[in-house]
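What follows is a short report on a single structure.
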Amino acid sequence: MISFLKKLVFFYFLIGCKYSNAQIKFTASLSSTQICKNDFVQLQLKVEKARGVPKIISPIFKDFDLVRGPYHESNIALINGELESYYAYNYVLKPKAAGNFKFLAADAEVDGQFYKSNTVIITVLKKIATNPNINNFKTTAPTFKTTTNNNASISFADNILKSGENISEKIKNNMFVQLDVDKTSSYLGEPIVATYKLYTRLKSESVISKTAAFNGFSVVDMQPTNYGNYGQQKINGKDYFVYVASKSQLYPLQTGNIELQKVEVENNIVFIKEAFINRNKNLLPVDFLKNLDTTKVPADEIIKQKFTALSNSLFVNIKPLPTKDIPKNFKGAVGNFSISSILQKNTFTTDDVIKLKIIISGNGNMQLINIPQIDWPLGFEAFEPTIKDEFNKLEIPISGKKIIDYSFIIAKTGIYTLPIITFSYFNVNQKKYITDSTKPIVLTVIKGVEKNEIENNKVVKQNSFYVDNYKWITGILVSIIAIAMFLLIKITKKKKITNLATIEIEENKNEKTTTENIILQPKDWLVEAHNKIFGDSNTFFKELNLGLKNYLSTKLNLPVAAVTKKNIEIVFNKNNVDADTTLKLQQLFTNLEMQLYSPFANSEKMQELYYDAQEIIRLLDRFYK
């Protein structure tokens, strides 16, 4: 029995060692550490050896524009009892300016633990690249195979190579890529659907090796999740299989003649020698040419060829919107929309946070819509809104709704009317501007339970308690004071001894030691907030607010209680802090107040506000050195 227990313990010891070796790794890497200022770079955040699906917090890119992404990659396998897995987020970025830049450490929650990635540094040169490398990132181009179905009227007979045939000419005559658009002219904001199709009479394995950048457009990808048979088409008397390589809705952001660039599709084609077919006619199945199964064909009877098919390019004309009768509140919405508003109820107290929901629904350039302006009546204190998009991006144009949730408070009782909210857009079909509006909403605000009354009641109860038990309470207080005095005297004596010893040591040090040799570690003012970024949102926002105010108190030499938006503005003006930094900080405090005083704190804002606070500290550290 004892021997069995020893073996069992030893077995679990081995298992423990095995899994302890499978350490989780969270790393950041760049496709290149040096690029030109018009070039592109891919940042990858990768978690290895995770058992569950990790939660990677996407960073905020201040010095780069996000061109594509994040694109997700993952792979999980159990190899010889060992877990091999990785999850990765990929971002394609374009620099805003030349210089040296650092990507800060990213955060991730993996299997219940929190991890930070390494930092990575990139140099952006001032020179211009002749061939920007965005198309080298094959993030949206999985491979697909050209196959036929049972009802196809054509076969892959052209994959048979006759004696003396030129392979290159044979491929060019049987395979090409073509760009088609649903229109060649549109208004600013009106979508154009661009589809790149592979036309082929050859069986191949293909991948998009160079995509179009679509400069001047907001791009909505419509590529189906699985590449399949798109259909058949007869061109110049020949039947072709037609496959969708790429399909996108392009929403113009600028006017003029804009080029839709070429796309490259790399194809791996297998040819079978005609002599082999002739020798094995009686052995091959009847539908061999329909499916072209090469698994039973000897390797020396096969010729493999790689061919890159380049599509055509097209110019589209983007017209400006009419300049006549433009509404004052028009902000670029193009399509067909309506606006409505909903108030959760019509009677509130002065203690309530009131919720107003505004819904913009319809179809058009939904992803580019700006939220409407609200002229809040006197006495309303509104907070930063939260926005939720519910879009169907497979419809042309995009359909759905944008939901804007406002929170506000009213301190005084009375009857109030929420004003009409208007939304203007350009209707392409009617070729005119249209303005829709909400209906006015009347609400009543009654007196709530004031905090002063609650506090007064508490004070009365506390006072009566003290009166009834004053002898007992006084005795406890005297004892506490006596113990505190005794401890204070002991601590003071100990400090004096420590200080004398420290002075003696310092006097014996080399006189050449200067303050320049002392390295002071910067205080992480947001460490408490960071530790709670995956926890309760209310606690997180409190810690973030406290950390930010403690930092500002130290930097601006103000008491924490005096760190208000008004006082900060006064100090910044005196010290010539730029207006942009002042505005960012004011906006951050407004957003924080919204989360602190609303009963429905938005956990989705945690990451965003945390990075905004980090950015403010970074900017002010440069100014207040």
Open item on the list: Can you go through Ala106, Ala129 and tell me which one is surrounded by 13 or more Cβ atoms within 10 Å (Cβ to Cβ), over 21 Å from the mean Cα position of the chain (by Cα) and either over 30 Å from Lys170 (Cα atoms) or modelled with pLDDT of 60 or more (or both)?
Closed with: Ala129
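Would you be able to say whether some residue in segment 603-611 is modelled with pLDDT under 75 and surrounded by 13 or more Cβ atoms within 10 Å (Cβ to Cβ)?
Yes, because at least one residue in segment 603-611 is modelled with pLDDT under 75 and surrounded by 13 or more Cβ atoms within 10 Å (Cβ to Cβ).
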Task: Looking only at segment 275-290, and only at residues there that are surrounded by fewer than 15 Cβ atoms within 10 Å (Cβ to Cβ) and either outside the structural domain of Asp158 (by TED's automatic domain parsing) or not aliphatic (A, V, I, L, M) (or both), the one that is nearest to Ser168 (Cα to Cα) - done: Asn278
TODO: Residues being of a type outside the set (Val, Ile, Thr), in a helix (DSSP H, G or I) and under 57 Å from the mean Cα position of the chain (by Cα): count how many of those fall in segment 274-289.
DONE: 5
Open item on the list: Condition first: surrounded by fewer than 12 Cβ atoms within 10 Å (Cβ to Cβ), modelled with pLDDT of 80 or more and within 27 Å of Glu608 (Cβ to Cβ). Can you find one or more residues in segment 525-538 that meet it?
Closed with: yes
- [ ] Keeping to segment 409-421, report how many residues are buried (at least 17 other Cβ atoms within 10 Å of the Cβ) and either among the hydrophobic types (A, V, I, L, M, F, W, C) or closer than 29 Å to Thr323 by Cβ (or both).
- [x] 4
Task: The one condition in (1) on the phi > 0 side of the Ramachandran plot; (2) touching an Asp or Glu at 6+ places or on another chain (Cβ under 7 Å); (3) surrounded by fewer than 16 Cβ atoms within 10 Å (Cβ to Cβ) that Gly400 fails to fulfil - done: (3)
Task: Odd one out for Val124 among (1) modelled with pLDDT under 85; (2) buried (at least 19 other Cβ atoms within 10 Å of the Cβ); (3) in a strand (DSSP E or B) - done: (1)
Task: Odd one out for Trp376 among (1) crowded, with 17+ Cβ neighbours inside 10 Å; (2) within 22 Å of Lys355 (Cα to Cα); (3) under 35 Å from the mean Cα position of the chain (by Cα) - done: (1)
Task: Flag if Ala245 is crowded, with 22+ Cβ neighbours inside 10 Å and not in a strand (DSSP E or B) - done: no
TODO: Identify the single condition in (1) modelled with pLDDT of 90 or more; (2) surrounded by fewer than 12 Cβ atoms within 10 Å (Cβ to Cβ); (3) assigned to a loop (DSSP other than H, G, I, E, B) that Asn226 does not satisfy, given that it satisfies every other one.
DONE: (1)
- [ ] List every residue pair whose Cβ atoms sit under 9 Å apart, with the two residues 6 or more apart in sequence or on different chains, where the first one lies in segment 272-298 and is on the phi > 0 side of the Ramachandran plot and the second, anywhere, is charged (D, E, K, R).
- [x] Leu292/Lys203
TODO: Working only within segment 563-576, note down all residues that are surrounded by 15 or more Cβ atoms within 10 Å (Cβ to Cβ) and either touching a His at 6+ places or on another chain (Cβ under 6 Å) or more than 27 Å from Met606 (Cβ to Cβ) (or both).
DONE: Val571
Open item on the list: Need the failing condition index for Phe315 against (1) out of contact with any Gly (no Cβ under 9 Å at 6 or more places or on another chain); (2) of a type in the set (Phe, Trp, Tyr); (3) closer than 29 Å to Asn392 by Cα; (4) crowded, with 18+ Cβ neighbours inside 10 Å, just the number.
Closed with: (4)
Open item on the list: Among the residues in segment 375-396, are any within 18 Å of Gly332 (Cα to Cα), among the hydroxyl-bearing types (Ser, Thr, Tyr) and part of a strand (DSSP E or B)?
Closed with: no
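The values are calculated or read from the model by the stated rules, or taken from the named source; none is laboratory data. These numbers were taken from a predicted model, which means no experiment stands behind them. Note that we place each Cβ from the backbone using ideal geometry, even for glycine, and neighbour counts take in every protein chain shown.
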